[in-house]
Protein chains: 2
Amino acid sequence: MSEKNSALQAAKAELQALLSGTSLKSSADEMEKYGSDETEDLFFAPDLVVLPRTTEEVSEIMKISKRYGLPVTPRGAGTGLSGGALPVQGGIVLSLERMNQILEIDENNLVAVVQPGVVTETFQTQVEAVGLFYPPDPASRGSCMLGGNVAECSGGPRAVKYGVTKDYILGVEAVLPNGDIIRHGGKLFKNVTGYNLTQLLVGSEGTLAIVTEIIIRLIPLPKFRQTLLIPFDTLDGAAKTVAAIFKQGLIPSACEFMEKDAIRASEKHLGLTLPYGNAEALLLVEVDGNRTDVLEEQRDQICEVAMNEGARDVVLADTSEKQKEVWRVRRATGEAVKKLSIYKEEDTVVPRFALPELVRGVKEIAKRHGIVTICYGHAGDGNIHVNILKMEMSDSAWNQSLPSAIEEIFRLTVALGGTLSGEHGIGYSQKRYMPIAFKPQELTLMKQVKKAFDPDGLLNPGKVFPD
Amino acid sequence: MSEKNSALQAAKAELQALLSGTSLKSSADEMEKYGSDETEDLFFAPDLVVLPRTTEEVSEIMKISKRYGLPVTPRGAGTGLSGGALPVQGGIVLSLERMNQILEIDENNLVAVVQPGVVTETFQTQVEAVGLFYPPDPASRGSCMLGGNVAECSGGPRAVKYGVTKDYILGVEAVLPNGDIIRHGGKLFKNVTGYNLTQLLVGSEGTLAIVTEIIIRLIPLPKFRQTLLIPFDTLDGAAKTVAAIFKQGLIPSACEFMEKDAIRASEKHLGLTLPYGNAEALLLVEVDGNRTDVLEEQRDQICEVAMNEGARDVVLADTSEKQKEVWRVRRATGEAVKKLSIYKEEDTVVPRFALPELVRGVKEIAKRHGIVTICYGHAGDGNIHVNILKMEMSDSAWNQSLPSAIEEIFRLTVALGGTLSGEHGIGYSQKRYMPIAFKPQELTLMKQVKKAFDPDGLLNPGKVFPD
């Protein structure tokens, strides 16, 4: 028996003693299930999967893994798009799915306390039932978990007005790689007591500590919304309208962009058609608030801006059904586009005003490399998902063109003042591109921060940093 | 000549070669000036003061200080309230006051780029001139600098609606203790590319790196505001009204609290009187927005809530002059109270709804120790400045009572789910209390983070962590 294998067996025996029967899994079927997420076709089988129910169990698991030198990869719902939850060096997958309690919705302080395995939409439904609002709404919110949202600093359409996950996280309980349980922050809207470990942990992709409890800021739920669908004859017209809306001092609660092929894929996927589905580009713009007269005023201002920038029309989704349909099309885009072909997705983000240049540049790069791209995403944030599709391309052409096309797209993104990922994270699939965004000294500093938390390098190894 | 002295002389020679004449100071007068800030009566003389004009100069200064093992303490305007800018181990004070350029106000992206030495109010005036808004408004905004605001994560009255400094910082350029120049973030509203070093640096009190450029998010400037002055016969009535306002779903743009002695001190200091200046407690509540009808609706709701909770009256400051006067009284409180006596100020913060308990508890503790306290501050954030005054107390009684009274106040704060500092920072004056807020493992982790940035411990030593 190899050294690794005997360490694994010894660790397994200790984990069996610690955890109840169904909380430790090692069958081939289960290893299959926990070896992939939503990132392209990546697969890495773990050796063991543990499903703790308490913070103390997480702490003990970390102590055992440390004792036997086994990697631990934390996992939420496995909906990640950069391979962050994949056990790329084997070892233990630590799934937080059973720590799924909403511990408290504190209406007096507008705060909630949750465990990491709570499904985002479940949480949103519950807080909305008492008139409160948790805005971050990643596309996978029906299945993704708040712990994963914290790990990746998830965004979504509403980020443009309400901010991303980090803007709602006031504090955490977390388990360090050595098993220590720490707390930071609280039900506090101001806090300069020691370093902001909470904000360091948000977006750290499960590489610094395992978050076991989350304190979340809530806001009052806006009562009304208006949803507009705005078709354009050119990508440029749509991109310029986005900048013009914000220049007017308007802050929509969503400002989404889809190019023609994205719309078409989504319509086909869902078997429905949108008005002006044949436009070159669509914007989906929403405003929300507590007074319909104010919303109508904002809606009219947006119409005026869009028509000035060359929109073909502005369609108001004036019923709840029509709003849902428009959002169904937008939300299905990711899945629909990925069904078309083998793909690679990039999560580019640039300053909002640089959006037209980014979209134009991506199309130029794609043309030069003979590849197909479909762009859509959160235009109001300058966060565009660029899907590169293999389609009919030969394997050899694809394998040759893809790396340099991606590198060019990222170099353009960075040259425009942007960066590699707005909301999907770096994880495993994007780590090789980190040197495009950071100088060696910057990467060294981040590695030192990693080492401060995880001196043995056992927590979610093989992520974020280029090999 | 001692070893330290010869290192100092050698470093001075190198600094002289690097910097122009007036950028290096070592006269006794100047050392006096740079040896204190606004924190009580603390004084620590530096050996040298440098006033670089460029990031490259800051980098060279750090390399020189490292070579000679000399501590470097960064400094903005010296308005800090926890001694963060004091060179408690001597060495070099690095003042950012000459790096005072607003590099860009980017109206297309609603972002500004500034150097750390820009005075906060100067910046606010300039962005407001183009219809934009930078909300954080610490009491010292007329003289404090944005770099210091970033170091301390400054707040102020508007934080209750708009958040604190960290919520506006999108990116930084910074110099590490080894002289490396790093950048993180950008004009980006979403970013999950590597660890969030920007948010780690905000509030790190100049102990991790020296911020030399700041990318700041701006928002559209609200057009109108309404200011209400609400007198109460009891502290409790005021504190309960605060919680009730937020429970109604109202988010005022300021919600400030002053107890009677704070009002009296401020009136006397300014030589003016407020309506109901004889109340036990006053709330100053403001709403802002773009439509007067919406503001009037909110104002009426606040009036109703306050009267239900036992307010004596609600006074509308309906002219710009009256608004200014009310704010002059509130803003002068800190200075006025501190003129009354030798004092020690605590920057307690608790969950908003725990405010009545905090205020009641502070008064009980004070009574038990025979000390005088005056409370005021940002009630909407649960952030109350507790000023403990010596008044007629003998030196020996003061020296005996003070430490245990402060400790009890902090233990109460933490027991209520709060912490030591909401916006003043820990710096030098509060570091001994850190073990009340953090477990040893948590402090150890923070020290490891410090070490990841500053392995030699030369950047702003003697701060944040208890000895």
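Look at A:Ile406 and say whether it is open to solvent by less than 20 Å² (accessible area, probe 1.4 Å) and away from chain B (no Cβ under 14 Å). Yes: the conditions hold for A:Ile406. A single member of B:Leu250, B:Leu228, B:Leu170, B:Leu270 is more than 10 Å from chain A (Cβ to nearest Cβ), of a type in the set (A, V, I, L, M) and closer than 30 Å to A:Leu132 by Cβ, and it is B:Leu228. Contact map, the range A:96-113: residues that are farther than 14 Å from A:Glu128 by Cα paired with residues that are at pLDDT 95 or above and open to solvent by 50 Å² or more (accessible area, probe 1.4 Å), Cβ distance under 7 Å, separation 6+ or inter-chain. Pairs shown: A:Arg98/A:Arg53; A:Met99/A:Arg53; A:Val113/A:Leu103; A:Val113/A:Glu104.
Taking A:Thr348 as the residue in question, decide whether it is open to solvent by less than 10 Å² (accessible area, probe 1.4 Å) and more than 23 Å from A:Lys431 (Cα to Cα). Let's see the steps before the verdict.
On the way: open to solvent by less than 10 Å² (accessible area, probe 1.4 Å): yes; more than 23 Å from A:Lys431 (Cα to Cα): no.
When the stated conditions are applied, A:Thr348 does not pass them.
Taking the range B:124-137 as the range and being free of Cβ contacts under 8 Å to residues at least 60 places away in the same chain, within 12 Å of another protein chain (Cβ to nearest Cβ) and under 22 Å from B:Val285 (Cα atoms) as the test, only B:Pro136 passes. Is it true that A:Phe224 is in contact with a Ser or Thr (Cβ under 6 Å, 6 or more places away or on another chain) and modelled with pLDDT of 90 or more? Answer is yes for this residue. Taken together, B:Gly425, B:Gly380, B:Gly418 contain a single residue that is within 17 Å of B:Leu81 (Cβ to Cβ), crowded, with 23+ Cβ neighbours inside 10 Å and touching a residue at least 40 places away in the same chain (Cβ under 8 Å), which is B:Gly425. Can B:Ile384 be described as under 15 Å from B:Lys344 (Cα atoms), within 14 Å of chain A (Cβ to nearest Cβ) and of a type outside the set (Gly, Ala, Ser)? So B:Ile384 fits the description; yes.
If you go through the range B:195-222 and keep only what is open to solvent by 10 Å² or more (accessible area, probe 1.4 Å), within 9 Å of chain A (Cβ to nearest Cβ) and over 23 Å from the mean Cα position of the chain (by Cα), you end up with just B:Pro220.
Conditions tested, residue by residue: (1) of a type outside the set (S, T, N, Q); (2) under 20 Å from the mean Cα position of the chain (by Cα).
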| residue | (1), (2) |
| --- | --- |
| A:Ala77 | yes, yes |
| A:Glu97 | yes, yes |
| A:Asp106 | yes, no |
| A:Leu110 | yes, no |
| A:Gln115 | no, yes |
| A:Thr125 | no, yes |
| A:Glu128 | yes, no |
| A:Ser154 | no, yes |
| A:Lys161 | yes, yes |
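Just one of the numbered conditions (1) in contact (Cβ under 8 Å) with a residue 24 or more places away in the chain; (2) part of a loop (DSSP other than H, G, I, E, B) is not true of B:Ala243: (2). The residue list A:Ser154, A:Ser140 contains one member that is out of contact with any strand residue (DSSP E or B) (no Cβ under 9 Å at 6 or more places or on another chain) and away from chain B (no Cβ under 13 Å), which is A:Ser140. In the range A:287-300, the residues that are of a type in the set (Asp, Glu) form Cβ pairs under 8 Å with partners that are assigned to a helix (DSSP H, G or I) and open to solvent by less than 50 Å² (accessible area, probe 1.4 Å), at six or more places apart or across chains, as follows: A:Asp288/A:Leu295.
State whether the residues of the range B:384-402 include one that is in a helix (DSSP H, G or I) and either of a type in the set (Val, Ile, Thr) or assigned by TED's automatic domain parsing to the domain that holds B:Leu81 (or both). Before the answer, list the steps.
Residues of the range B:384-402 in a helix (DSSP H, G or I): B:395-402.
Still in the list and also either of a type in the set (Val, Ile, Thr) or assigned by TED's automatic domain parsing to the domain that holds B:Leu81 (or both): none.
Within the range B:384-402, none of the residues are in a helix (DSSP H, G or I) and either of a type in the set (Val, Ile, Thr) or assigned by TED's automatic domain parsing to the domain that holds B:Leu81 (or both).
Using the structure shown, decide if B:Gly377 is closer than 30 Å to B:Glu297 by Cβ, touching a Phe, Trp or Tyr at 6+ places or on another chain (Cβ under 7 Å) and in the same structural domain as B:Glu286 (by TED's automatic domain parsing). Answer is no for this residue.
Whether any residue in the range A:388-399 is surrounded by 24 or more Cβ atoms within 10 Å (Cβ to Cβ) and modelled with pLDDT of 95 or more is what I want to check. If you could, list the steps in order and put the result at the bottom.
Here is the first cut: in the range A:388-399, the ones surrounded by 24 or more Cβ atoms within 10 Å (Cβ to Cβ) are A:388.
In the following step, the residues that additionally are modelled with pLDDT of 95 or more were identified as A:388.
Checked the range A:388-399: at least one residue is surrounded by 24 or more Cβ atoms within 10 Å (Cβ to Cβ) and modelled with pLDDT of 95 or more.
For the range A:441-450, filtering for residues that are more than 7 Å from chain B (Cβ to nearest Cβ) and either farther than 22 Å from B:Pro177 by Cα or charged (D, E, K, R) (or both) leaves 2. Within the range A:100-114, the set of residues being crowded, with 24+ Cβ neighbours inside 10 Å and part of a loop (DSSP other than H, G, I, E, B) comprises A:Asn109, A:Leu110. In the condition set (1) of a type outside the set (Lys, Arg); (2) open to solvent by 10 Å² or more (accessible area, probe 1.4 Å); (3) in contact with a helix residue (DSSP H, G or I) (Cβ under 9 Å, 6 or more places away or on another chain); (4) over 13 Å from A:Gly194 (Cα atoms), B:Phe465 is compliant with all but (4).
Among residues of the range B:161-179 that are assigned by TED's automatic domain parsing to the domain that holds B:Ile216, those with a beta-carbon under 7 Å from a residue that is surrounded by fewer than 21 Cβ atoms within 10 Å (Cβ to Cβ) and assigned to a loop (DSSP other than H, G, I, E, B) at least six positions away or on a different chain give the pairs B:Lys161/B:Ile251; B:Pro177/B:Asp454; B:Pro177/B:Asp456.
The values are calculated or read from the model by the stated rules, or taken from the named source; none is laboratory data. Fair warning: this is a prediction, and the values are worked out from it, not measured in the lab. For neighbour counting, all protein chains shown are included, and Cβ atoms are generated from backbone atoms with ideal geometry for every residue, glycine included. Surface accessibility is based on the protein's heavy atoms, side chains included, excluding ligands, DNA and RNA. Shrake-Rupley method; radii C 1.70, N 1.55, O 1.52, S 1.80 Å.
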